[in-house]
Structures are given as C-alpha cells and as structure tokens.
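To keep things clear, I will list the structure first and then write my remarks on it.
The values are calculated or read from the model by the stated rules, or taken from the named source; none is laboratory data. Worth saying up front: this structure is predicted, and the values here are computed from it rather than measured. Heads up, the Cβs are rebuilt from the backbone with ideal geometry, glycines too, and the neighbour counts pull from every protein chain shown. All accessible areas refer to the heavy atoms of the entire protein, side chains included, with ligands and DNA or RNA removed. Shrake-Rupley method; radii C 1.70, N 1.55, O 1.52, S 1.80 Å.
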Amino acid sequence: MSLFDKLIVWSIPFVPKPIVGYFSRNYIAGSTLDDAIRVIKDLNEKSIMATMDLLGEEVKEKSQSLEAVEQYLKMLQEISNNNLDSNVSLKPTHMGLNLDKQFCYENIRRIVAKAKELNNFVRIDMEDHTTTDATIKMYLDLKKEFDGHVGTVIQSYMRRTSNDIDKLIRENANLRLCKGIYVEPENVAFKKMPEINRNYNLNLDKLLEAQCYTGIATHDEQLVEHAMQTIERLDLDKSKYEFQMLLGVTEDLRNRILEKGHRLRVYVPYGKDWYHYSTRRLKENPRMARMVVQKIFGFN
Ligand code: FDA
C-alpha cells in the first residue's frame, strides 16, 4: 500500500457516516431481512449460493444478543419459507462472547438447533485473536451435537493456524479459510502478504487433501488459481468444497469461477449496524476509499 493510500485509510474514521453509507451500498444488502432475501433471490437465480449475516458485533448488553438470536431464528425460517439456497453466518461477539461465554454458547446453540430442524447450516465467523480459542471450542462442542449443521472459520494470517488446522482435520471439521481482517499484533499474526498467502495455500492444500469440507474464501486471483490447481490435482468432488466471496467484491472473478463449474457462495450482510462493516471494507479497498476522500476534500 502506498503512503498516500495509507493516509487515505487513516482518514476513513473522519468521513461523515452518510458518505460512508453511500459508497458502501454495494457491500450491504440493505437494512432489513426483506432486503437480504431480495438480494439472495437474485444471486440464486444466477446459481450462486449465499450466506446471510446480520450485521453486529461486540454487543454491550445481553438484550442485544437476545434480539440478534430472535432475528437469526427468523432468518432461518424465512430462508426455508422462500426456498432460498442460503445458510447463515454469525459473529460470537454479537452473541455475547465478551459478556459471558456460556450465554454466548447457549445463544449459538439455539440457532444451530433451528438450523438442524430446517436442514440448514450455521457458520461461526472468526473474530480477533482474543476470541480464537473460545470460538474453536464452541464449534467443536456444537459439532458433537449438530454435526453437518455447523462450521467455523480459520484465518491464514494467524501464526497458530497450521496447528489449529492439524487439530481440526482430525475432527473432520467444516471450515471456511480466509486471510483474516482484524489488526493483530506481530507476535500473533503474519504481517507480510507473501507469508499470509503462503500460509493460505499450505493450509488449504492440507484441508483439501484431508477431504475436509472447505469454503475457499478469497478474492485473490493467485490463491483462487492455486486452489483450482489443487482441486484438479486431487480430482476433488464438487461436494467437498465451495468458493466464497463478499457481496459486491470482484464480480468478474466470481463469474470466472462459476464459468469453470465450481460452486460459489456470496456473503450477504444486512442490518442497521452497517458502519463498522463498511469502514472495514473501505479500508480494504484503497481505490474506493480514495474516491470517497477525494469527493469530500475535493483533491485529486
Ligand atoms: P486481498 O485482500 O489480497 O484481496 C485480493 C483482491 O481482491 C484485491 O486486490 C482487490 O482487488 C479485491 N478486494 C478485496 N477486498 C475488496 C473490497 N473490499 N472491495 C473491492 N475489492 C476488494 N475475515 C475474518 O477475519 N473472519 C471471517 O470470519 C471472515 N469471513 C469472510 C467470509 C467471506 C465469504 C470472505 C470472502 C471473507 C471473509 N473474511 C473474514 C475477510 C477476509 O479475511 C479478507 O479480509 C478479505 O476477504 C480480503 O482478503 P482476500 O483474500 O480477498 O485478499
């Protein structure tokens, strides 16, 4: 990232909320469940699967988590009623992880139980390194009771990832592999992109070779290319993996993946709590962030 882009990214928190909202509209389905359903119907018509996410994280009150649980139960019911090809993704800190671990576990358990009842699936997103142990433990505990209806996420920027993957392969885990989005200390996470990418490829190969169901979540063309080569080398059945992307990101790459006959799922966030998600997406995309800042401050 150039110094100029770093400056742009630094300035994002000072951009007025309505402007962030305007530029982020491509990344978010809207503020209501109906908005998410509409976007997913459109994706399904293009043979793209979805995972629905209610925006929210790091709640301060248990009541906020309980509201989110009700909304997730409704989401699963509406996915079934509308016959959508979609599962759901949730964040542990939205479910109250930072308030009370057992409370969080019970909340996620209610959602996974509903998913099982409707023959659907819950993906537990991975947040920053302070949540990794608890998230993996909750996943493995839930898997004992609801195998086939729950999975979690592993981040290739984490130094611990190879060890976690080895352990999770022995459990025949269902994992999404992504690079990781949180700002982590250097003793915990790789900081340089070549190291993160090397770790991604290494661990993706381990997962696919072990035939663990894997969500290959990246928009990085080189990683997608590597994944395709591994899939071909192993002559892997399509039921063993899927590619995953975020709504509104690199749609040309997404189309190329589909044209090659792979299964693809798009992450569809919705809800009123869109600000954190949007600023993160803008920080990831300096080109878009540059447009926002240029528009506000009028420089080129
Ligand atoms: P990289 O960041 O190198 O991007 C590759 C290319 O993609 C860029 O050059 C650019 O062209 C394009 N691109 C990437 N982001 C863009 C954007 N916002 N706008 C426009 N273009 C963009 N993280 C996490 O910590 N926990 C989690 O649970 C998840 N869950 C998750 C689900 C799914 C389905 C995806 C795709 C990603 C996540 N992530 C995540 C986020 C992930 O960790 C990562 O930050 C982003 O996917 C960006 O990394 P890439 O692998 O795409 O590579």
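What number comes out for accessible area per residue over the chain if the probe is 1.4 Å? Units Å², please.
Values: 14320 Å² over 300 residues.
Heavy-atom SASA per residue in the chain reads 48 Å².
Return the tail of the calculated pair distribution for the range 25-115, meaning the percent of Cα-Cα pairs more than 22 Å apart.
Tail of P(r) above 22 Å: 29 percent of Cα pairs.
Quick check: convex hull of the Cα atoms in the range 19-70, volume per residue, rounded to a whole Å³?
Roughly 103 Å³ of hull volume per residue.
Could you grab the relative contact order for the chain? Cα pairs under 8 Å, six or more apart, rounded to a whole percent.
Computed value for the chain: 25 percent relative contact order.
Which order do HIS94, HIS219, HIS276 take by accessible area at a 1.4 Å probe, largest first? Intermediate values should be presented prior to the final figure.
Values: HIS94 15, HIS219 50, HIS276 100 Å².
Greatest to least solvent exposure: HIS276, HIS219, HIS94.
Quick check: net charge around LEU118, other residues with Cβ under 14 Å of its Cβ, Lys/Arg +1 and Asp/Glu -1?
Every neighbour counted, the sum reads +1.
Which of the GluC sites (Glu not before Pro) found in the range 42-138 are in a DSSP loop and have at most 11 neighbouring Cβ atoms, other than their own, within 10 Å?
Answer by residue number: GLU61.
Determine the distance separating the Cα centre of the range 47-66 from the Cα centre of the range 204-269; give it in Å without decimals.
The distance from the Cα centre of the range 47-66 to that of the range 204-269 comes to 24 Å.
Quick check of the Kirkwood formula: for the range 78-223, what is the inverse mean of 1/r over all pairs of different Cα atoms, in Å? If you can, show how the numbers build up before the last one.
Values: mean 1/r = 0.0633 Å⁻¹.
Final number for the Kirkwood radius of the range 78-223 is 15.8 Å.
The range 57-154: which trypsin sites (Lys or Arg not before Pro) are DSSP loop and have at most 13 other beta-carbon atoms within 10 angstrom?
In loop regions of the range 57-154 (DSSP not H, G, I, E or B), the sparsely surrounded trypsin sites (Lys or Arg not before Pro) are LYS60.
Please report the carbon-and-sulfur percent of the accessible area for the chain; probe 1.4 Å, protein heavy atoms only, DNA, RNA and ligands left out.
Numbers: 7050 of 14320 Å².
Using a 1.4 Å probe with all protein chains present, the chain comes out at 49 percent carbon and sulfur.
If Lys and Arg each add +1 and Asp and Glu each add -1, what is the summed charge of the other residues whose beta carbon sits under 14 Å from the beta carbon of ASN197?
Net charge in that neighbourhood comes out at -1.
So what's the chain giving for Rg/Rh, alpha carbon basis, Kirkwood Rh from the mean inverse pair distance?
0.94
What lysines could a cross-link reach from LYS283, if we take a straight Cα to Cα line under 22 Å and drop same-chain neighbours fewer than 8 places away?
Leaving aside lysines fewer than 8 places away in the same chain, those within reach of LYS283 are LYS6, LYS17, LYS91, LYS179, LYS191, LYS192, LYS272, LYS295.
Give me the mean projected area, in nm² to one decimal, of the convex hull enclosing the Cα positions of the range 169-266.
Mean shadow area of the hull around the Cα atoms is 6.7 nm².
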